[in-house]
1. Can you tell me which residue among Leu149, Leu165, Leu171 is in contact (Cβ under 8 Å) with a residue 24 or more places away in the chain, over 30 Å from Ser266 (Cβ atoms), outside any strand (DSSP E or B) and in contact with a Cys (Cβ under 9 Å, 6 or more places away or on another chain)?
2. Given the conditions (1) under 19 Å from Pro209 (Cα atoms); (2) crowded, with 18+ Cβ neighbours inside 10 Å, report the number of the one that Leu99 does not fulfil.
3. Could you grab me the full set of residues in segment 141-160 that are open to solvent by 20 Å² or more (accessible area, probe 1.4 Å) and either basic (Lys, Arg) or over 18 Å from Ile94 (Cβ atoms) (or both)?
4. Check Thr30 against each of (1) surrounded by 10 or more Cβ atoms within 10 Å (Cβ to Cβ); (2) within 24 Å of Lys163 (Cα to Cα); (3) touching a residue at least 12 places away in the same chain (Cβ under 8 Å) and name the one condition it does not meet.
5. Of (1) part of a loop (DSSP other than H, G, I, E, B); (2) open to solvent by less than 40 Å² (accessible area, probe 1.4 Å); (3) polar (S, T, N, Q), Thr182 satisfies all except one. Which?
6. Is at least one residue of segment 229-241 without any contact (Cβ under 8 Å) to a residue 12 or more places away in the chain, farther than 16 Å from Leu322 by Cα and either part of a loop (DSSP other than H, G, I, E, B) or not polar (S, T, N, Q) (or both)?
7. Mind checking whether some residue in segment 102-122 is out of contact with any Lys or Arg (no Cβ under 8 Å at 6 or more places or on another chain), modelled with pLDDT of 95 or more and in a strand (DSSP E or B)?
8. If the Cβ limit is 9 Å and pairs must be 6+ apart or interchain, which residue in segment 64-81 that is free of Cβ contacts under 8 Å to residues at least 40 places away in the same chain and more than 14 Å from Thr11 (Cβ to Cβ) pairs with which residue that is of a type in the set (Asp, Glu) and in a strand (DSSP E or B)?
Amino acid sequence: TDQSRLKLVGTNLEMAISCWIGAKVEEEGTITVPAKLLTEFIAALPKEQVDINMPAKSKTVSLRCARYEARISGIDAKDFPPIPTVEEGITTSIDTESLRQAITQVVFAAASEESRPVLTGIDAKFEDNNLTLAAADGFRLAVHKLKVLQPVSQKLEAIIPAKTLAELNRLMADQEEPVEVTVNPNKSQVLFKLKNIEMVSQLIQGTFPQYEQLIPQTSGTKATVDVGEFLRATRTAAIFARDGTGIVRLIATPGGELTPGKMTVSARSEEIGEDQGEIDAIVQGNEAKIAFNSKYLIDVLSVIKEAQVVMETTSPSSPGVLRPVGSDNYTHVVMPMFVQW
């Protein structure tokens, strides 16, 4: 209990979340109980008031709701790991919707393998009133730039675990107020403050790759297509690319004087057959051929809110770049697959 509220705290030693909920507190108390057991029991109860009681000097909590009652054995709250406080460092606040969109557009591109720990994180660069989030797993790179509501006192770069930001995204679902962020590079910690939730996480030590040089500055072909149609054609082709390679082939063909340009999305498998879809495209430059892993293409097309996307290519062996039309804050680079045309 915390004055007139109930405070719940959970940690896995890398990340800690504190949450306060309204309660009628008759007597202050504190206890540590198994998270999974408590969560599953509460989730199964009817949506009615829950009464929590713990006799003095006891380590057993009784919970009562409607006609359900349970007793959970716990341990002394003093045995719970201390939750770090983050007070020093740089502080700013960020619009929740902007932060949610930024995380959504980069978090999936972080590596899940622990072989290179820095790639399991998201690189966060704070400078003046700008924040740039970037994630890469060696096969793709996602970069999202957004504004913060108050300029930071100094330029700072930190690598935040992707799991932390994915969890933050889930916690922000019902949040409307700006999120307050404090980064303490000396203690290697970051704090996110929501309305009734505080989240502290360790930062990842190391140096993030210089990803700016991975983004091609020129392109031989630019194809502008409808995001929904591109996604549908890619998902359809992906059905035929399931034989382990996951390769979809793209051919962007410029239009003539009277005919529109087009993009062909195809996949073929020696065992199950082949598929080809065609969508309208505005193609600038030469005809282009390139192949991608279908999952990577579906991942990025699924998080673009804008109606159209531009795909920029230089050669079948050079990275492809996707950017939403009408927005200059998101860039996604995908490494090509090598195929026999």
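1. The unique qualifying residue is Leu171.
2. Answer for Leu99: the failing condition is (1).
3. Within segment 141-160, Lys145, Lys147, Lys155 qualify.
4. (2)
5. (1)
6. no
7. Yes; the residues of segment 102-122 include at least one that is out of contact with any Lys or Arg (no Cβ under 8 Å at 6 or more places or on another chain), modelled with pLDDT of 95 or more and in a strand (DSSP E or B).
8. As it stands, the answer is Arg64/Asp51; Cys65/Asp51, since those pairs meet every condition given.
The values are calculated or read from the model by the stated rules, or taken from the named source; none is laboratory data. Since we're looking at a predicted model, the values are computed, not measured. Quick reminder, even Gly has a Cβ in these numbers, built from the backbone with ideal geometry, and neighbours come from all protein chains shown. To get the accessible areas, we keep the full protein, side chains included, count just its heavy atoms, and leave off ligands, DNA and RNA. Shrake-Rupley method; radii C 1.70, N 1.55, O 1.52, S 1.80 Å.
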